[in-house]
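The values are calculated or read from the model by the stated rules, or taken from the named source; none is laboratory data. Because the structure is a prediction, the values reported are computed rather than measured. Cβ sites come from the backbone with ideal geometry, for glycine too, and all protein chains shown count toward neighbours.
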Amino acid sequence: MTVAYFFAPGCSTCVPATKQLAQAQQQTGQQARFVALNLIPEVPTSSLRSFLRSAGNPQVPVVANGVPLAQAQQVTALGTTVVYGPDGQEIFRGVDAGTDAITTAIQKARS
């Protein structure tokens with residue numbers, strides 16, 4: 001199971017949503033893989049680091065250029081979280097999703 005979060009440094013709602021993502025990761029442990037995908041690939045690495053610091057340095061791998069996957073998955077809004085089940089099927093999609101929504105989607109996919 002995978003939780004993908006699509007963000008951009010400078011997105012005002014992405015910092016709190018990234019914190020929610022990190023909380024969901026802590027609550028669910030090894031039940032899912034979490035990844036954050038940057039949608040502005042030309043942003044300098046220092047800006048990515050600054051964004052992550054402002055979000056509490058979540059222990060989530062970051063893909064510097066998430067645009068190809070975002071296009072393939074038709075992600076049209078910053079702050080979109082997508083939960084994929086073990087078979088790769090989309091289980092949940094939400095913008096600025098909270099911890100409860102993410103953890104509930106993971107639990108649903110496991111049952």
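Looking at segment 55-76, which of its residues are loosely packed, with under 14 Cβ neighbours inside 10 Å and either modelled with pLDDT of 90 or more or of a type in the set (Asp, Glu) (or both)? Answer for segment 55-76, where residues must be loosely packed, with under 14 Cβ neighbours inside 10 Å and either modelled with pLDDT of 90 or more or of a type in the set (Asp, Glu) (or both): Pro61, Ala64, Pro68, Gln71, Ala72, Gln74, Thr76.
The residue of segment 80-97 that is nearest to Gly10 (Cα to Cα), among those that are at pLDDT below 95 and small (Gly, Ala, Ser), is Ala97.
Pairing residues of segment 63-80 that are touching a residue at least 40 places away in the same chain (Cβ under 8 Å) with residues that are crowded, with 16+ Cβ neighbours inside 10 Å and of a type in the set (Asp, Glu), at Cβ distances under 6 Å and at least 6 apart in sequence or on separate chains, gives Gly79/Asp96. The number of residues in segment 85-111 that are of a type in the set (Gly, Ala, Ser) and exposed (fewer than 14 other Cβ atoms within 10 Å of the Cβ) comes to 2.
Polar (S, T, N, Q), surrounded by 18 or more Cβ atoms within 10 Å (Cβ to Cβ) and either out of contact with any His (no Cβ under 9 Å at 6 or more places or on another chain) or closer than 11 Å to Val3 by Cβ (or both), is that true of Thr45?
No, not satisfied.
Checked against (1) closer than 19 Å to Gly98 by Cα; (2) touching a residue at least 12 places away in the same chain (Cβ under 8 Å); (3) over 14 Å from the mean Cα position of the chain (by Cα), Ile40 meets all criteria but (1).
Which residues, counting only those in segment 1-20, are without any contact (Cβ under 8 Å) to a residue 12 or more places away in the chain and of a type in the set (Lys, Arg)?
Across segment 1-20, there are no qualifying residues.
Close Cβ contacts (under 6 Å, 6 or more residues apart or on different chains) running from residues in segment 21-36 that are in contact (Cβ under 8 Å) with a residue 24 or more places away in the chain to residues that are surrounded by 19 or more Cβ atoms within 10 Å (Cβ to Cβ) and in a helix (DSSP H, G or I) comprise Ala24/Ile102; Ala24/Thr103; Gln27/Thr103; Thr28/Thr103; Thr28/Ile106; Gln31/Ile106; Ala32/Ile106; Phe34/Gln25.
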